[in-house]
Amino acid sequence: MAYDSIDPGTAAALRLDAELRRAHPRTILEAAVESFGDKLALVSSFGAESAVLLHLAAQVKADIPVLFLDTGMLFGQTLDFRKTLAERLGLTDVRDLRPAYQDLAVSDPQAKLWQTDTDACCNIRKVIPLDRALGEFDAWITGRKRFHGGDRLNLPVVEHADGHVKFNPLANWGKADLDAYAAEHDLPAHPLVAQGFPSIGCWPCTQPADEGEDARAGRWKGMDKTECGIHVARAPGTPNNVGGDI
Ligand code: SF4
């Protein structure tokens, strides 16, 4: 494929994607670290399946910056899990990203925005804090997988969006791969998994999934919304707006 006619960031991502399309997640992480070094971060929700990617990353680079979006609306169990899992895996640079006080004071002073405008709520609690934090990085790692369906069905292993290269090391793995890896390394599960939550976000917008439903069926249940916005590419110069998830 000729890369001359496309922008350098997209060309670099396409080259890496072609190289790594069938690689093991650990190989993908090693390539990401080799390519971007200190300009690389990992974004994690410390959710239902997060332990696998975090364990793999800790083996490759224990001091990788891990960006955790503490929206102020998370389950208490998630906050506990973030602390205990980071300690257990030896991750030394987990950063808690919180919404700006001013954004909350102006747009969500009563913390009820999720009841009327979930896109706006995700914007001030997830999209803007992550955009600010990613300013010091050239590339980041996500935990998205194709088997979660929806917009993720065609997920590449490496992509380019909003000025950053994004690595999706688990894109190719299915639920059985994740379960086998977690069992092999005796990784702890998020405590809400046992209560029927296969995907875990903020408490107002997360419900258990029913038998046979997609893993993310309990997120924004009953709404058209399926993503929070952090994976929606925006045209240069446009403000943050709508809703992708970690
Ligand atoms: Fe707000 Fe719900 Fe988005 Fe969390 S998931 S930021 S509570 S709308």
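What Cys residues in the chain have no fellow cysteine's beta-carbon under 4.7 angstrom?
So, CYS121, CYS202, CYS205.
For GLU19, GLU211, what's the largest-to-smallest order of accessible area, 1.4 Å probe?
Ranked list, largest accessible area first: GLU211, GLU19.
GluC sites (Glu not before Pro) within the stretch 131-206: which are DSSP loop residues with at most 12 other Cβ atoms inside 10 Å?
Numbers: sites: GLU136, GLU159, GLU184; in loops: GLU136.
Answer in residue order: GLU136.
Collect residues whose amide H, placed 1.01 Å from N in the peptide plane, falls under 5 Å from the amide H of ILE141; neighbours closer than 5 in sequence don't count.
Amide H neighbours of ILE141: ALA41, LEU42, VAL43, PHE167.
Taking only DSSP H segments of four or more residues, each worth -39500 (n - 2.57), what value at 222 nm results for the chain once the sum is divided by all its residues, to the nearest 500 deg cm²/dmol?
On the way: 9 runs with 83 residues, N = 246.
It comes out at -9500 deg cm²/dmol, rounded to the nearest 500.
Going highest first, how would you order 185-194, 49-58 by mean Cβ packing within 10 Å? Don't jump to the answer; show the numbers that get you there.
On the way: 185-194: 14.9, 49-58: 23.3.
Result, highest mean first: 49-58, 185-194.
Can you tell me the accessible area per residue over the chain, all protein chains present, probe 1.4 angstrom, in square angstrom? Walk me through the intermediate numbers first.
Details: 11720 Å² over 246 residues.
Ligands and nucleic acids excluded, the figure is 48 Å² per residue.
Taking R0 as 25 Å, what's the FRET efficiency between GLU87 and TRP203 from their Cβ-Cβ distance, rounded to 0.05? Intermediate results must be reported in sequence, preceding the final value.
On the way: r = 24 Å, r/R0 = 0.94.
Efficiency, rounded to the nearest 0.05: 0.60.
Whole-Hz Karplus ³J(HN,Hα) for the stretch 88-100, in order, using 6.51 cos²θ - 1.76 cosθ + 1.60 and θ = phi - 60°, x for Gly and Pro?
4, 7, x, 6, 9, 9, 8, 10, 8, 9, 10, x, 5
Report, in debye and to the nearest 20, how large the dipole of the stretch 6-96 comes out about its Cα centre when Lys and Arg carry +1 and Asp and Glu carry -1 on their Cβ.
The calculation lands at about 200 debye.
Let me spell out the model: positive unit charges on the Cβ of Lys and Arg, negative unit charges on the Cβ of Asp and Glu, origin at the Cα centre of the stretch 87-178. What dipole size does that give, in debye rounded to 20? Display every interim value, and only then the final one.
Working: 13 positive and 14 negative charges, 80 e Å.
With Lys and Arg at +1 and Asp and Glu at -1, about 380 debye.
Just give me a number: lysine pairs in the stretch 8-195, eight or more positions apart or cross-chain, with C-alpha atoms less than 28 Å apart.
Value for the stretch 8-195: 22.
Using modelled amide H (1.01 Å from N, peptide plane; none on Pro or chain starts), what sits under 5 Å from the amide H of LEU69, excluding residues fewer than 5 places away?
SER44, LEU97
If you place +1 on the Cβ of every Lys and Arg, -1 on the Cβ of every Asp and Glu, and leave all else neutral, what size is the dipole of the chain about its Cα centre, to the nearest 20 Debye? List each step's numbers first, then the result.
Numbers: 26 positive and 35 negative charges, 36 e Å.
Charge dipole of the chain: 180 debye, to the nearest 20.
What residues have an amide H closer than 5 Å to that of VAL94, excluding those fewer than 5 places away on the same chain, when H is modeled at 1.01 Å from N in the peptide plane?
Sorted by chain and number, the residues that satisfy this are VAL66.
The values are calculated or read from the model by the stated rules, or taken from the named source; none is laboratory data. What you see is a predicted model, and the numbers here were worked out from it, not measured in a lab. Heads up, the Cβs are rebuilt from the backbone with ideal geometry, glycines too, and the neighbour counts pull from every protein chain shown. Protein only, heavy atoms only, side chains kept; ligands, DNA and RNA dropped before computing areas. Shrake-Rupley method; radii C 1.70, N 1.55, O 1.52, S 1.80 Å.
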